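A short worksheet on the structure shown next.
The values are calculated or read from the model by the stated rules, or taken from the named source; none is laboratory data. Computed from a predicted structure; not experimentally measured. No Cβ is skipped: glycine too gets one built from the backbone with ideal geometry, and neighbour counts run over all protein chains shown.
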Amino acid sequence: MERYDLVIIGAGPAGLSAAIEAARCGMNIAVYDENKRPGGQLFKQIHKFFGSKEHHAKERGFHIGEELLAEADRLGVDVSLDTVVTGLYPGNEVMIKKGGQVSHVRGDTVLLAAGASENMAPFDGWTLPGVIGAGAAQTMMNLHGIRPGSRVLMLGSGNVGLVVSYQLLQAGCEVAAVVDAAPKIGGYGVHAAKLARCGVPFQLSSTIVRAKGGDHVEGAVIGRMDEHGKIIPGSETEIDCDTICIAVGLSPMNQLARMSGCRMEQNPKKGGCVPVCNEYGETSVRGLFAAGDAEGIEEASSAMIEGRIAGIACANRLGFLEDGKAKEAVESNEQALDTLRQGMFAPKNRGKQIEKTDEGFPVSQHLLVTGFLGDDEVEVYPGVTHPKGLHPVIECTQNIPCNPCQDACPHGCIHIGSFITALPAVEASAECIGCGRCVASCSGQAIFLVNEDIGGGYASVTMPYEFMPLPEKGDIGLACSRDGQAIGEAEVLDVKSVKAFDHTNLLTIRVPAELSGKARFYKAAQQ
Amino acid sequence: MTQITDRSMRTAAFKPEADDDMLICRCEEITKGEIRRAVYEGMYEITEIRRWLRVGMGLCQGQTCTKLVQRIVAKELGVSPAQLESAAARGPVRPIEMACMGNEKGGVC
């Protein structure tokens, strides 16, 4: 039986990160993945990631995947693709299937990094063609260039539901509505705001009663729910759609962990049944580690750090890395992980109702229910100021771990400070030169450059724009408010596409001066 | 083993519900009604229900329906889904052709 220092199951963000750390220490590693390409879900993620600059923030997910792969390649990590791990037996013996043959290998250490699977929501008609998981929608759009449907109803308002809805819009689909059983939007407010300003409605405390159609989805009936989760009679409404996309959470892949006999727990904060792990990700079976979604549902950034910690711990276990160095490396990674686990959306705050930001500003309840900030509400936040001339307006109102905007401004206009979850504040003393780096750096597309008076009763608003075809200078279209309503005429003054902005185009429109605080999106006139 | 071992706890009769014909396990085509009925027939554990009905034994190996089945069973028993033990996990955890199973590198010992 072949023997490796470390066998890694899953070549996603956690598995690859672990492989990189372990390979640096000189370990002999095998990485298995059942897919045809490595990278896990990263290659479906076309949006910019949140987080800190040191940990890939403002980079698009698939670029992070490419970087991980390149680093793994440089270190000589060999990833066996199309290789299914079918069992995990005592003594960390791994059974694999590749090319019509099964074989067994033994790992002196083994890392479970198999990721997660999507939860499903059963309703009348949920097995009709046209009902798909959000992950499937991403696979179709972002890997294969196929639109999943024309008009999509999204079930689930967590970050996955919000991000995928936006990507559906980018792919040219209509999003009929985002429906969620919860009374509040589950994901980041900035993600919701991106949808709302495109005109996507949110229907909360609601669920899908049934999918309509004979042999494929031809519509959906949704209904409002009472506090017991029962549909309120008479509240049903019909939604015209040909696709229903389900984004109601993920479950850790746990079959291999369960098979290994390690201690498991049902942990709702981790998304289901997960192995009980110590701070290094080691399970109760000696030498068996878990990282990433397989250890508890989070997101790719924390999966990468967990993977690094597990890789370091495996190297230390087998003597490839001395105790002192391992401790130091684990500690710095744990610090980074802790940073990501702060703020309103941190795992520890799941389910809590938060009414004030860390700074004491009121959390917009309007945002949580409608997906957009009220025109008056937005004024209280430190990113929203009204100096003369051009200035950034930062509509970032929830404490989330993200700070690239602070470093994006070469003139120090934007201040977050050392707490990564603090709300960005606009510095009154600094001068905005209109470079737009902050606009492009914001993964939540929440930064605008506004000049409230450009003369002649007009204002200019510069916004991030990630749709094709790009408007052209001189185009006349419609300025839209935060809720996607057309509120006036807009003339395109400039469209800036710079390589460093990584496909976030800066669209500058001219609007009547009184709309400077309201116009946050642009639609071509014919729409 | 979980707390739920008292087989005499259920005395009520099975009551049909409007959505009993909804498929829960797509791979093995098992409906919500069949799963509910199994609970009334005395099967309180996910492993037992799996053996009885084959829920979660198809192509996806329960990846889609496990949580749904747990929720249905827990509701019938009046417990939280977290109190139910997961079904035993056995290899192969992914579907695998018999020909492939028999084709073991280095032969079967």
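Odds and ends about this structure:
- Residue in region A:142-152 that is touching a Gly at 6+ places or on another chain (Cβ under 7 Å) and modelled with pLDDT of 95 or more present: yes
- Selection within region A:462-486 - in contact with a helix residue (DSSP H, G or I) (Cβ under 9 Å, 6 or more places away or on another chain) and either farther than 12 Å from residue A:507 by Cα or not β-branched (Val, Ile, Thr) (or both): A:463, A:464, A:466, A:467, A:468, A:479, A:481, A:482, A:483, A:484
- Complete set of residues in region A:366-397 that are surrounded by fewer than 23 Cβ atoms within 10 Å (Cβ to Cβ) and of a type in the set (S, T, N, Q): A:370, A:385
- Pick from region A:312-363, criterion aromatic (Phe, Trp, Tyr) and outside the structural domain of residue A:282 (by TED's automatic domain parsing), ranking: surrounded by the fewest Cβ atoms within 10 Å (Cβ to Cβ): A:361
- Residues that are aliphatic (A, V, I, L, M) and within 15 Å of residue A:156 (Cα to Cα), drawn from region A:117-140: A:120, A:121, A:131, A:132, A:134, A:136, A:137
Residue by residue, here is whether (1) under 29 Å from residue A:444 (Cβ atoms); (2) at pLDDT below 95; (3) surrounded by 22 or more Cβ atoms within 10 Å (Cβ to Cβ) holds:
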position	(1), (2), (3)
A:7	no, no, yes
A:37	yes, yes, no
A:54	yes, yes, no
A:93	no, no, no
A:99	no, yes, no
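- Output for region B:14-49, where each listed residue is surrounded by fewer than 16 Cβ atoms within 10 Å (Cβ to Cβ), at negative phi and outside any helix (DSSP H, G or I): B:14, B:15, B:16, B:17, B:18, B:19, B:20, B:21, B:41
- Screening residue A:46 with (1) more than 14 Å from every other protein chain (Cβ to nearest Cβ); (2) part of a loop (DSSP other than H, G, I, E, B); (3) hydrophobic (A, V, I, L, M, F, W, C); (4) within 25 Å of residue A:274 (Cα to Cα) gives one miss only, at (4).
- Count of residues meeting criterion [among the basic types (Lys, Arg), surrounded by fewer than 16 Cβ atoms within 10 Å (Cβ to Cβ) and either farther than 15 Å from residue B:34 by Cα or in contact with a Cys (Cβ under 8 Å, 6 or more places away or on another chain) (or both)] in region B:50-109: 3
- Counting only residues that are within 16 Å of the chain's Cα centre (by Cα) and facing chain A (nearest Cβ under 7 Å), region B:74-109 holds 5 of them.
- Only listed residue being away from chain B (no Cβ under 14 Å) and charged (D, E, K, R), chosen from A:279, A:265: A:279
- Listing of strands (runs of 3 or more DSSP E) fully contained in region A:58-133 that carry 2 or more residues being within 22 Å of residue A:245 (Cα to Cα): A:116-118, A:131-133
- Options A:470, A:423, A:493: the member that is farther than 26 Å from residue A:46 by Cβ, modelled with pLDDT of 95 or more and not in a strand (DSSP E or B): A:423
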